[in-house]
Amino acid sequence: MTAELATPTGAPFFHYQAGELRAEGVSLAELGQELGTPLYVYSRGALAAAWASYQEACVGHEVLVCFGMKANSNLAVLKEFARLGSGFDIVSGGELARVLAAGADPAKVVFSGVGKQAWEMQAALEVGVKCFNVESIPELKRLSEVATALGKTAAVSLRVNPDVDAKTHPYISTGLKENKFGIAIEEAPHAYTFAASLPGIAVVGVDCHIGSQITEVSPYLDALDKLLKLIDQLKAAGIALKHLDLGGGLGIRYDDETPLTPKLLLDKVFAQLQARGYGHLQLVLEPGRSLVGNAGVLLTTVQYLKHTEARNFAIVDAAMNDLMRPALYEAWHGVLPVAPRSSEQTLYDVVGPVCESADWLARGRTLALAEGDVLAIESAGAYGFVMAGNYNSRPRPAEIMVDGEQFHVIRQRETFADLIRGESCLPD
């Protein structure tokens, strides 16, 4: 029987042509053969299209879109978004260094994260980031001390926890009372008053981020309503804000989800801001996954087909160390044959060679396979390579950017020498 050609989640930038999967104008079969697998492949066109969807939704409003770079921090990806005009949402000193290495403007950087260290605060102050999203009173105190010692003023937005259920996976839900993130909204007025009293601190905004892979409008609007009530309180207390940061979290299609478009969300957000008298506030957004998730695939080669009484396994050369999401979240990723074959299909679990039962990439997929076939693991542009590691002493994959008919190696494949660099044995 002939395998049906599915429509890739990254279409039209990933598509079948003449029975073979391509990224823009580049054959993924040829890429896998030339560069080896596992291999991350991104589409430059898909990045630009995702960015354009936000820009079109923001027309006529003052909005700063800051790419949540924890989703994908390759320098070429960052450079592309910087070229398009993006700001950046960072969560570490290392991510700040990457933004600077990509030539981005630090004045369009917001620094998030619950555990900023003094050296990270100092580095951010010295280059002049736009704002610190502060998540606790102890962090406020430390930032005040660091800024004062440097003779600088830290622009601050307090991250407020609105206790809103994002209706997503519990590991990526960040806006509930039991989550580690932010300051409880009931405590926020006191925190703002305290922040305004500190030397070296300038209060400029309010921030919240309720989670990731959100596919409904209502959680955002519930959070926004609570933030606007807080802003009313702060205004009455004489604390005027310049911006409102609604975070990121828009979902993508992995399987059969119907994601929110930026326009569908933002039309409702802008209407609510205008109705409440806060249309003058700059809106800051921190999208990550929705900008890069479906702009990438992970190529992997079938090593063995193992048939047992209980299950059939397609053992591939990619593993949980290359793509952690299935093991960590039991996440679904589509699996497409790069060159579908006309043969009987079988139900397979796609698993890797790492010595863990959690090492699987997909379960229960109907595929027609033979040893040596290359598969594309879909929706791998976000939280793919950035979460990769070296478990079982496995080098991390190369990363490729496709641009029309051309491709560029944007990260070399690691070698064994890379793995042991910095290690040393005890003297004899």
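So here's what we get for this one:
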read-out	value
Residues within region 353-366 that are out of contact with any Phe, Trp or Tyr (no Cβ under 8 Å at 6 or more places or on another chain), of a type in the set (A, V, I, L, M, F, W, C) and surrounded by fewer than 24 Cβ atoms within 10 Å (Cβ to Cβ), tallied	3
Entirely in region 198-313, the strands (runs of 3 or more DSSP E) that have 1 or more residues that are in contact (Cβ under 8 Å) with a residue 12 or more places away in the chain and among the acidic types (Asp, Glu)	201-207, 243-245
Residues that are of a type in the set (Lys, Arg) and in a loop (DSSP other than H, G, I, E, B), drawn from region 87-134	116, 130
Residue match in region 369-383 (condition: free of Cβ contacts under 8 Å to residues at least 12 places away in the same chain, part of a loop (DSSP other than H, G, I, E, B) and either under 24 Å from the mean Cα position of the chain (by Cα) or not assigned by TED's automatic domain parsing to the domain that holds residue 36 (or both))	no
Checking residue 344 against (1) acidic (Asp, Glu); (2) crowded, with 16+ Cβ neighbours inside 10 Å; (3) in contact (Cβ under 8 Å) with a residue 40 or more places away in the chain, the condition it does not meet	(2)
Lone qualifier among 369, 328 - being in contact with a strand residue (DSSP E or B) (Cβ under 6 Å, 6 or more places away or on another chain) and either crowded, with 22+ Cβ neighbours inside 10 Å or farther than 27 Å from residue 22 by Cβ (or both)	369
Condition check for residue 56: under 23 Å from residue 318 (Cα atoms) and in a helix (DSSP H, G or I)	no
Residues (touching a Ser or Thr at 6+ places or on another chain (Cβ under 7 Å) and under 13 Å from residue 161 (Cα atoms)) located in region 198-232	206, 207, 209, 210, 211
Within region 387-412, tally of residues that are touching a residue at least 60 places away in the same chain (Cβ under 8 Å) and surrounded by fewer than 16 Cβ atoms within 10 Å (Cβ to Cβ)	9
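The values are calculated or read from the model by the stated rules, or taken from the named source; none is laboratory data. These numbers were taken from a predicted model, which means no experiment stands behind them. Every residue, glycine as well, gets a Cβ built from its backbone with ideal geometry; the counts of neighbours run over all protein chains shown.
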